[in-house]
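**Student:** Supplied in structure tokens, the structure appears directly below.
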Amino acid sequence: MNPAHSIEAERLSRRFGSFLAVDDVSFHVEKGEIFGYLGANGAGKSTTIRMLIGLLTPSSGRASVAGHDVASDPEGVKAAIGYMSQKFSLYLDLPVEENLRFFGGAYGLWGKDLQRRADEVLELTGLAEHRKAITGALPGGIRQRLALGSAVLHRPSIVFLDEPTAGVDPEARRSFWRLIRDLSRGGTTVFVTTHYLDEAEYCRRIGLMVDGRLVALDTPAELKRTWVPDRVLLVRGRNLTAGAAALRARPGVRAAEPFGAGLHLRVDPAAWDGAAVRTVLEASGGEGVSVEVAEPTLEDVFLAVVGRGAEAQAAQEVAP
Amino acid sequence: MTLAGSRAGRFLARVGAIAWKEILHIRRDPRTLLLALAMPVVMLLLFGYGVSFDVDRIRLAVSDQDRTEASRRLAQAFTENHEFDPVGGDDADDADTIFRRHRAQAILVIPRGYEKDLARGGPARAQLLLDAADAVTAGQVLNKADAIALSESRRMASAPGISAAPSLQVKVSSRYNPEARSAVFIVPGLAAYLMAISAVLLTALTVAGEWERGSMEQLFASPVSRLEIVLGKLFPYLVVGLIQLLLVLGVGTNVFDVPILGSPLLVILAGVLFLAGMLGQGLLISVLAKNQLVATQAGSLSSLLPSLLLSGMLVPIDNMPAVLRLISRIVPARYMVDALRQILLKGNGFAQVWPDLLAMLVFAVAIVALATARFKRRIA
Ligand SMILES: Nc1ncnc2c1ncn2[C@@H]1O[C@H](COP(=O)(O)OP(=O)(O)OP(=O)(O)O)[C@@H](O)[C@H]1O
Ligand SMILES: [Mg+2]
């Protein structure tokens, strides 16, 4: 195992009966990075995590986490990691503080050490004022912070967070992600799954899962460059019809459609920018032309990736 | 700190964390606790008034000191309708030994000179000694013995050459529970029954609850071992069970004058062994069931029925059909009921009670081991 890697997965697969939930997945996660794992419902995100933390045995392939092989040394893995499961698991009938103490105890902390860590974590997660509150009476966002706190009480070098912000309001999600970034700055490796593509922008690298396969893995910027090669330009102005026809005839312009009072262009960003488009339009009689460049989002990446996945699937099904 | 020291420390920290959390759950849910503690008292008051059940085939030892035709005829009168089953004859002096060893539930003593007294025109006396620790049986035996004695006197009165007066008196004397009161008899049974139900149900629910809540997955992702979970979960309920036992005994002694003739420590020991088995049974159910509804049903069926019907609490084991008698051998409540009756009512000590204790220990170890083995740490 490369010492700069926290997690290494090599051709990892898991089947349930005849159903292949995770299909030949390989990747590594570097120490201290925030690694996002994205995919639709049932894509195999939780199954991957469960294999990585020693809860599920891989059907084939191997993985090591914090230097421990997940199949042969799951106990070593468990002691080194923190885990926040998707279907959570705080004890709602207990006070905040007792939840922390319980999970600390479960990792073998006790006495003064436990008390000190619990206090630190209450401070870190901003829950000090709620320490005596019954967990079930707190809003979802606060509970998720507590769950994260419970998962890092024993100072694991890696935390696995399975959809930690599902069903939480945007403000609470932002404060949750501040916590995640604090952890990562402190040197903790974060492996996080999510449905929210805006959150994925916070990750250093992202893996995209479609139907059990890892179809893309890179930094957000690189993913956008490779998966959304076109740039979308929004044009406003008057007398644009002739100019649109002229643009369509030029190389590097993939589409130029009327859009409200203006135009919607898809172009090759290497050949075209806003100024070049305006020059062409004004030469064809356009007036008051303004061009706005729409940066691609991970949403666009995801749609492209899923589209590609569907095409590949269709091709496979047609092939003998 | 040494490695062993810190390892033991972490083990204790984990077991302690689980036990403490369980205690907090119990404290947060006072209704369940109240139910577990009030139920014994209510049940005891309800059952205290006793119910009567039909008894057949009472094992009868005959101590015939007369050894004449008349004495043999009397013994035969007791056994010919299969209400009493003869077992090997014994000495009356040895009655305590016979009862303690459960060789017979009643002893018919026919004194020397019985035939002569009859021939002289009576009154001829015989004595029936009863093991009345089992009050239901004792009451039945009493009635049956009366009926047999009466019909035997009538038969003799109508026989030629014997005077007309009813000439046979059977004096019945009960051992251990002189008034054959059913509260005294029911308390040990009830203690076992209540402990069985609440121990099985509480543990069955608590583990199934962790599965349902999703927290089991969280626990399995931590270094907590199966044994630590099992021990941490069992400990608080062991304490609840012992409190129940003390409550039942407290009400029994104060309200119904149940004696505690034997050692209270021995009672506690029996209680711990019995509870360990029942808690293990609950754990096994909840390991297999994984949801609270199934766990509740399986838990109540598997604890309530055997401890009510096969423990000897209501129906004496000797009166059961052979198949049920055989099944009752693997019902720990049977050993608990027997141990409690022996200790409380007869004042028996470890020397007599150890087979019961051993049986409960074997059951507890076997079922906790089975539950731990079936307790999969991996999901799916
Ligand atoms: N224990 C299991 N037995 C059978 N099938 C399973 C099991 N666990 C997961 N699956 C199936 O494997 C597939 C992947 O499940 P997984 O939970 O990994 O998806 P996910 O990406 O986490 O989805 P979600 O966003 O809904 O959490 C799903 O189709 C699921 O039904
Ligand atoms: Mg999932």
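The values are calculated or read from the model by the stated rules, or taken from the named source; none is laboratory data. Just so it is clear, the model here is predicted, and its values are computed rather than measured. All Cβ positions, even for glycine, are placed from backbone atoms using ideal geometry, and neighbour counts span all protein chains on display.
**Student:** Within segment A:86-98, is there a residue that is out of contact with any His (no Cβ under 8 Å at 6 or more places or on another chain), away from ligand 1 (no atom under 16 Å from the Cβ), more than 30 Å from A:Glu299 (Cβ to Cβ) and part of a helix (DSSP H, G or I)? Quick ask: steps written out before the conclusion?
**Tutor:** Narrowing segment A:86-98 to residues out of contact with any His (no Cβ under 8 Å at 6 or more places or on another chain): A:86-90, A:92, A:95, A:97-98.
Then keep just the ones that are away from ligand 1 (no atom under 16 Å from the Cβ); that gives A:90, A:92, A:95, A:97-98.
Applying the additional criterion that residues be more than 30 Å from A:Glu299 (Cβ to Cβ) yields A:90, A:92, A:95, A:97-98.
Next, only the ones that are part of a helix (DSSP H, G or I) stay: A:97-98.
For segment A:86-98, residues out of contact with any His (no Cβ under 8 Å at 6 or more places or on another chain), away from ligand 1 (no atom under 16 Å from the Cβ), more than 30 Å from A:Glu299 (Cβ to Cβ) and part of a helix (DSSP H, G or I): present.
**Student:** On to the next question. How many of the residues in segment A:21-54 are surrounded by fewer than 16 Cβ atoms within 10 Å (Cβ to Cβ) and within 8 Å of ligand 1 (Cβ to nearest atom)?
**Tutor:** 3
**Student:** Within segment A:68-79, which residues are within 12 Å of another protein chain (Cβ to nearest Cβ), surrounded by fewer than 18 Cβ atoms within 10 Å (Cβ to Cβ) and not in a loop (DSSP other than H, G, I, E, B)?
**Tutor:** Of everything in segment A:68-79, those that are within 12 Å of another protein chain (Cβ to nearest Cβ), surrounded by fewer than 18 Cβ atoms within 10 Å (Cβ to Cβ) and not in a loop (DSSP other than H, G, I, E, B) turn out to be A:Glu75, A:Ala79.
**Student:** Determine if segment A:3-20 includes at least one residue that is more than 15 Å from ligand 1 (Cβ to nearest atom) and either within 25 Å of A:Ile142 (Cα to Cα) or among the acidic types (Asp, Glu) (or both).
**Tutor:** yes
**Student:** In segment A:148-177, what residues are within 22 Å of A:Ala66 (Cα to Cα) and of a type in the set (Gly, Ala, Ser)?
**Tutor:** A:Gly149, A:Ser150, A:Ala151, A:Ser157 - these are the residues of segment A:148-177 that are within 22 Å of A:Ala66 (Cα to Cα) and of a type in the set (Gly, Ala, Ser).
**Student:** Residues of segment A:94-132 being touching an Asp or Glu at 6+ places or on another chain (Cβ under 9 Å) and of a type in the set (Gly, Ala, Ser), which ones?
**Tutor:** Hits for segment A:94-132 are A:Gly104, A:Ala106, A:Ala118, A:Ala128.
**Student:** So B:Lys376 clears everything in (1) in contact with a Gly (Cβ under 7 Å, 6 or more places away or on another chain); (2) within 16 Å of ligand 1 (Cβ to nearest atom); (3) not hydroxyl-bearing (Ser, Thr, Tyr) except one condition, right? Which one?
**Tutor:** (1)
**Student:** Could you list all residues from segment A:80-90 that are of a type outside the set (A, V, I, L, M, F, W, C), buried (at least 22 other Cβ atoms within 10 Å of the Cβ) and either facing chain B (nearest Cβ under 8 Å) or in contact with a Phe, Trp or Tyr (Cβ under 6 Å, 6 or more places away or on another chain) (or both)? Let's see the steps before the verdict.
**Tutor:** First, the residues of segment A:80-90 that are of a type outside the set (A, V, I, L, M, F, W, C): A:82-83, A:85-87, A:89.
Subset that is buried (at least 22 other Cβ atoms within 10 Å of the Cβ): A:82-83, A:85, A:89.
Of everything in segment A:80-90, those that are of a type outside the set (A, V, I, L, M, F, W, C), buried (at least 22 other Cβ atoms within 10 Å of the Cβ) and either facing chain B (nearest Cβ under 8 Å) or in contact with a Phe, Trp or Tyr (Cβ under 6 Å, 6 or more places away or on another chain) (or both) turn out to be A:Tyr83, A:Ser85, A:Ser89.
**Student:** Here's another thing I want to ask about it. Just give me the residues in segment A:30-57 being within 10 Å of ligand 2 (Cβ to nearest atom), at pLDDT 95 or above and among the aliphatic types (A, V, I, L, M), in sequence order.
**Tutor:** The answer is A:Ile49, and nothing else.
**Student:** Taking segment A:99-128 as the region of interest, how many residues are facing another protein chain (nearest Cβ under 7 Å), crowded, with 20+ Cβ neighbours inside 10 Å and assigned to a loop (DSSP other than H, G, I, E, B)?
**Tutor:** 3
**Student:** Can you tell me which of (1) surrounded by fewer than 23 Cβ atoms within 10 Å (Cβ to Cβ); (2) modelled with pLDDT of 95 or more; (3) within 13 Å of chain B (Cβ to nearest Cβ) is the one A:Val65 doesn't meet?
**Tutor:** Checking A:Val65 against (1) surrounded by fewer than 23 Cβ atoms within 10 Å (Cβ to Cβ); (2) modelled with pLDDT of 95 or more; (3) within 13 Å of chain B (Cβ to nearest Cβ), the one that fails is (1).
**Student:** Follow-up question, since we're still on this one. Consider only pairs whose beta carbons are under 9 Å apart and that are at least six residues apart or on different chains; among these, list those whose first residue lies in segment A:143-165 and is touching a residue at least 24 places away in the same chain (Cβ under 8 Å) and within 16 Å of ligand 2 (Cβ to nearest atom) and whose second residue is in a helix (DSSP H, G or I) and acidic (Asp, Glu).
**Tutor:** A:Thr165/A:Glu199
**Student:** Here's something else I'd like to know. Does A:Pro95 qualify as being within 11 Å of another protein chain (Cβ to nearest Cβ) and under 22 Å from A:Lys132 (Cα atoms)?
**Tutor:** yes
**Student:** Looking at segment A:208-244, which of its residues are of a type in the set (A, V, I, L, M, F, W, C), in a loop (DSSP other than H, G, I, E, B) and either within 14 Å of chain B (Cβ to nearest Cβ) or within 16 Å of ligand 2 (Cβ to nearest atom) (or both)? Outline the logic, then answer.
**Tutor:** Keep residues of segment A:208-244 that are of a type in the set (A, V, I, L, M, F, W, C), which gives A:208-210, A:214-217, A:221, A:223, A:227-228, A:232-235, A:240, A:242, A:244.
Next cut, in a loop (DSSP other than H, G, I, E, B) only: A:228, A:240.
Residues satisfying the conditions do not exist here.
**Student:** When both residues are 6+ apart or on different chains and their Cβ atoms are under 9 Å apart, which pairs have a first residue that lies in segment B:213-236 and is within 13 Å of chain A (Cβ to nearest Cβ) and of a type in the set (Asp, Glu), and a second that is surrounded by fewer than 20 Cβ atoms within 10 Å (Cβ to Cβ) and assigned to a helix (DSSP H, G or I)?
**Tutor:** Taking only residues 6 or more apart or on different chains, the pairs are B:Glu217/B:Trp211; B:Glu228/B:Phe11.
**Student:** Mind listing whichever residues of segment A:114-161 are of a type in the set (Gly, Ala, Ser) and closer than 22 Å to B:His25 by Cα? So that I can check it myself, show each step before the final result.
**Tutor:** Residues of segment A:114-161 of a type in the set (Gly, Ala, Ser): A:118, A:126, A:128, A:133, A:136-137, A:140-141, A:147, A:149-151, A:157.
Scanning segment A:114-161 gives A:Ala118, A:Ala133, A:Gly136, A:Ala137, A:Gly140, A:Ala147, A:Gly149, A:Ser150, A:Ala151.
**Student:** State the number of residues belonging to segment A:204-222 that are away from ligand 1 (no atom under 16 Å from the Cβ) and buried (at least 24 other Cβ atoms within 10 Å of the Cβ).
**Tutor:** Number satisfying all stated conditions: 0.
**Student:** Could you tell me whether segment A:50-58 includes any residue that is more than 11 Å from every other protein chain (Cβ to nearest Cβ), under 30 Å from A:Ala304 (Cβ atoms), over 20 Å from the mean Cα position of the chain (by Cα) and not in a strand (DSSP E or B)?
**Tutor:** yes
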